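The values are calculated or read from the model by the stated rules, or taken from the named source; none is laboratory data. Everything numeric here is computed off the predicted structure, so don't read it as measured data. Cβ coordinates were reconstructed from backbone atoms using ideal geometry, including for glycine residues, and neighbour counts include every protein chain displayed.
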Amino acid sequence: MKPAIKRVWVLGAGQLGAMLKHAAQPLGVDLRPVDIELDAILALEDDDVITAEREQWPSTVATDQLAAHANFVNQDVFSLVADRVTQKQLLDRLKLATAPWALVEEQHTAASLHEQYGDRVLLKQRTGGFDGRGQHWLVAQQGSAIPQGWHDKVIAEQAIAFDEEVSIVGVRNRAGDCHYYPLGLNRHQDGILTVTLAPLERLTNLQSSAETMLGKVMDELNYVGVMAMELFRLGERLLINELAPRVHNSGHWTQSGASISQFEYHVRATADLPLVPALIKHNSVMINLIGIDYNLAWLALPGAEVFWYGKEVRPVRKVGHINFSMADKTQLIHSLRQLQATLTDWYQPALDWAIDELES
Ligand code: ATP
Ligand code: MG
């Protein structure tokens, strides 16, 4: 058998690693996700490439070996982005708009934070938070207090009264060429991404400023691969919420809605394969499956592309997603209505919201 073009190892073997592997296979790239708990020596070769599906990992025989490899792409970026302090400092240094913030230090009290940032202040763990976990709202009228032990471990952010949340996913190769997907419109429920819609005609006027913002970050970091930027839209203005130095949930729609998915882009860029603009297909919708059992009815929905992660189902855990990319909006809405009937009450507002957006 002819050898693969390249071997790429991924730090982490969750759903992102699995979807990277799925995208690499038809390219002839041998991509191997590595469980971060693995306690074994890997057969790494000098010309292998290392990437990661997560920003942090414990030190084990395997992760230490991967992290020390000369071809670990974006090696310095992970710790920088993983800590909200250094991530925010990067944005400030690049003069990119982001929610006003401060590291919460010994001298801070809830009162001093309210004085500086207003009645509602969001505390976010510096590291390790995801899906809205590790966050705490200080609300002046509710006798707020900084939780015990949180000093130095969290940043405080001013509450942003955004109109909506959008995100941009882009890719950059070693030569510095960049490509971007159209902005996605994101709906969060209880701090967890529930639905993404893309592309949307009404967001095209924001596309170039979003590309400029993400391009500045990727260039500054000399970044290689896919990066996502979550943004708040306030009128015609964009404010950066946070960065993800990897493939991102709000880019999952590209598996169905683009000729090159974000996973394939990441493989291409890290393995130094050609990058070309991805062709965008139709109206795409991604619905996350969160803490819900597998339902065969999803496979019977016209246009549905089901991605089940094979994880144990637990409350608020992402266990899969469903993509639709359909030229006919009426058919798409019909499928979404059928999907809605298979989902719990928790999903109803998010699906109503998506259908409203498509109908408008
Ligand atoms: P992810 O799952 O994307 O990693 P996360 O848990 O790391 O999310 P954020 O994206 O920072 O955390 O916040 C989660 C959600 O909380 C945001 O998508 C947004 O809805 C809300 N949020 C975050 N920061 C602010 C803010 N400064 N003002 C108002 N709402 C905010
Ligand atoms: Mg987020």
Against the condition within 13 Å of the chain's Cα centre (by Cα), over 26 Å from LEU343 (Cβ atoms), modelled with pLDDT of 95 or more and more than 9 Å from ligand 1 (Cβ to nearest atom), how does GLY170 come out, does it pass? yes
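When you go through GLY215, GLY257 one by one, which is the residue that is more than 16 Å from ligand 1 (Cβ to nearest atom) and surrounded by 22 or more Cβ atoms within 10 Å (Cβ to Cβ)? Explain how you work it out, then say what you get.
Numbers: GLY215 fails: surrounded by 22 or more Cβ atoms within 10 Å (Cβ to Cβ).
Within the list GLY215, GLY257, the selection yields GLY257.
Restricting to segment 146-167, and then to whatever is of a type in the set (S, T, N, Q) and part of a strand (DSSP E or B), can you tell me which residue is nearest to ligand 1 (Cβ to nearest atom)? Full working, then the answer.
Going through segment 146-167, the residues of a type in the set (S, T, N, Q) turn out to be 148, 158, 167.
Those still in the list that are part of a strand (DSSP E or B) too: 158, 167.
Values: GLN158: 6, SER167: 9 Å.
Only one residue tops the list, namely GLN158.
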Out of the residues in segment 184-199 that are surrounded by fewer than 18 Cβ atoms within 10 Å (Cβ to Cβ) and part of a loop (DSSP other than H, G, I, E, B), which is farthest from ligand 1 (Cβ to nearest atom)? ASP190
Strands (runs of 3 or more DSSP E) wholly inside segment 221-320 that include at least 3 residues being assigned by TED's automatic domain parsing to the domain that holds CYS178 and within 16 Å of ligand 2 (Cβ to nearest atom): 225-234, 237-244, 283-290
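Might you check whether a residue that is of a type in the set (Lys, Arg) and within 21 Å of ILE322 (Cβ to Cβ) occurs anywhere in segment 184-205? Reasoning before the result, please.
First, pick out the residues of segment 184-205 that are of a type in the set (Lys, Arg): 187, 202.
Adding the requirement that they be within 21 Å of ILE322 (Cβ to Cβ) leaves 187.
Scanning segment 184-205, I find at least one residue that is of a type in the set (Lys, Arg) and within 21 Å of ILE322 (Cβ to Cβ), so the answer is yes.
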One residue is enough: does segment 81-100 have a residue meeting the conditions more than 19 Å from ARG246 (Cβ to Cβ), assigned to a helix (DSSP H, G or I), β-branched (Val, Ile, Thr) and under 25 Å from the mean Cα position of the chain (by Cα)? yes
If you check VAL81 against the conditions, is it under 13 Å from ALA159 (Cα atoms), β-branched (Val, Ile, Thr) and not assigned by TED's automatic domain parsing to the domain that holds GLU45? no
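Take the residues in segment 168-181 that are in a loop (DSSP other than H, G, I, E, B) and surrounded by fewer than 24 Cβ atoms within 10 Å (Cβ to Cβ), then tell me which one is farthest from ligand 2 (Cβ to nearest atom). Before the answer, list the steps.
Looking only at segment 168-181, we keep the residues that are in a loop (DSSP other than H, G, I, E, B), and these are 173-177, 181.
Adding the requirement that they be surrounded by fewer than 24 Cβ atoms within 10 Å (Cβ to Cβ) leaves 173-177.
Details: ASN173: 26, ARG174: 28, ALA175: 30, GLY176: 27, ASP177: 27 Å.
By that ranking, first place goes to ALA175.
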